[in-house]
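Student: One structure coming up, written as structure tokens, with questions to follow.
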Amino acid sequence: MRFLDFKQKFIDFNIITSQDIRNAFGSINQSQLSSWKNKKYISSIKKGMYIMNDTKIDLLLLSNEINDSYISLEFALSYYQIIPEITPSITAVSNNRNEILSNDFGNFYYHKITSKLFCGFVLMESQAQKNRFVRIAEKEKALFDLVYFRKDLRDVDDFKSLRLNIEKIKLSRMKEFISLVRAPQTKKRLDNFLSYLNAII
């Protein structure tokens, strides 16, 4: 397996998996992959996942593909300027599994959610790759996800500590997501948050 053949085969791939290599070449030569990594031809994202180093990398798109997910929580809220903090790590909600991943490209945090709550995201065109789209939470879903996963957010003082900029937040959309929750304690915290938003909007 020559690198030129490898590159041509996967030129349109953002992420190349071990299974992709097996499908294309029948087997995997680990020592060859290690050599290519040492030569900086490719980088390892995680076990069994690689990227070519001359690829134009969109970290948000990369995040979606590493773990079936959409961008949400602190990163999305920072992107929308709903929270004042800049969030360097990428936070996402997954349909697959909880995962914390650090590699040469950054830190990625994934929170698994039930299938019926894997919703409320939109497609945003990639800034680095034409005709590719990033899944990112709507503003309301990013807020919902934050309170859903952060059990420390329970009352008015907790919500005030977030220092939210909630212009253009649609409470009706928040209600739609909350209506899908059945766990009593989680629903109570989300209802408290909705009441807080109602009082300040």
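Student: Among what's in region 185-199 and is within 14 Å of residue 155 (Cβ to Cβ) and surrounded by fewer than 15 Cβ atoms within 10 Å (Cβ to Cβ), pick the residue that is modelled with the lowest pLDDT. Spell out how you get there, then give the answer.
Tutor: In the first step, residues of region 185-199 are kept if they are within 14 Å of residue 155 (Cβ to Cβ); the result is 185, 188-197, 199.
Restricting the remaining residues to those that are surrounded by fewer than 15 Cβ atoms within 10 Å (Cβ to Cβ) gives 185, 188, 191, 195, 199.
On the way: 185: 97, 188: 97, 191: 98, 195: 97, 199: 93.
Once the filter is applied, the top-ranked residue is 199.
Student: For region 88-157, give me every one of the strands (runs of 3 or more DSSP E) that falls completely inside it and has 2 or more residues that are not assigned by TED's automatic domain parsing to the domain that holds residue 194.
Tutor: On the way: elements: 90-94, 99-103, 106-112, 121-125, 133-137.
Here the list is empty.
Student: So residue 82 fits all but one of (1) touching a helix residue (DSSP H, G or I) at 6+ places or on another chain (Cβ under 8 Å); (2) hydrophobic (A, V, I, L, M, F, W, C); (3) under 17 Å from residue 149 (Cα atoms); what number is the exception?
Tutor: If we test residue 82 against (1) touching a helix residue (DSSP H, G or I) at 6+ places or on another chain (Cβ under 8 Å); (2) hydrophobic (A, V, I, L, M, F, W, C); (3) under 17 Å from residue 149 (Cα atoms), just (3) comes out false.
Student: If you don't mind, there's one more thing I want to ask. When only residues in region 1-45 that are among the aliphatic types (A, V, I, L, M), under 20 Å from residue 105 (Cβ atoms) and not in a helix (DSSP H, G or I) count, which is modelled with the lowest pLDDT?
Tutor: Selected residue: 11.
Student: For residue 182, indicate whether it is within 23 Å of residue 114 (Cβ to Cβ) and either at pLDDT below 95 or not in a helix (DSSP H, G or I) (or both). Can you show your working first?
Tutor: Values: within 23 Å of residue 114 (Cβ to Cβ): yes; either at pLDDT below 95 or not in a helix (DSSP H, G or I) (or both): yes.
Taking the combined requirement at face value, the residue satisfies it.
Student: Here is a further query. Within the group 91, 55, 87, which residue is buried (at least 16 other Cβ atoms within 10 Å of the Cβ), modelled with pLDDT under 95 and among the hydroxyl-bearing types (Ser, Thr, Tyr)? Even if it seems obvious, please write down each step before you answer.
Tutor: Numbers: 91 fails: modelled with pLDDT under 95; 87 fails: buried (at least 16 other Cβ atoms within 10 Å of the Cβ).
55 is the lone residue from the list that is buried (at least 16 other Cβ atoms within 10 Å of the Cβ), modelled with pLDDT under 95 and among the hydroxyl-bearing types (Ser, Thr, Tyr).
Student: Another question, then. Given 18, 43, which one is among the hydroxyl-bearing types (Ser, Thr, Tyr), touching a residue at least 60 places away in the same chain (Cβ under 8 Å) and within 28 Å of residue 89 (Cβ to Cβ)?
Tutor: On the way: 18 fails: touching a residue at least 60 places away in the same chain (Cβ under 8 Å).
One residue alone meets the criteria, 43.
Student: Would you say residue 25 is surrounded by fewer than 19 Cβ atoms within 10 Å (Cβ to Cβ), among the hydrophobic types (A, V, I, L, M, F, W, C), outside the structural domain of residue 136 (by TED's automatic domain parsing) and closer than 30 Å to residue 93 by Cα?
Tutor: On the way: surrounded by fewer than 19 Cβ atoms within 10 Å (Cβ to Cβ): yes; among the hydrophobic types (A, V, I, L, M, F, W, C): yes; outside the structural domain of residue 136 (by TED's automatic domain parsing): yes; closer than 30 Å to residue 93 by Cα: no.
Criteria not met by residue 25.
The values are calculated or read from the model by the stated rules, or taken from the named source; none is laboratory data. Being a predicted model, the structure only gives us computed values, none of them experimental. So basically every Cβ, Gly included, is an ideal-geometry build from the backbone, and we count neighbours across all protein chains shown.
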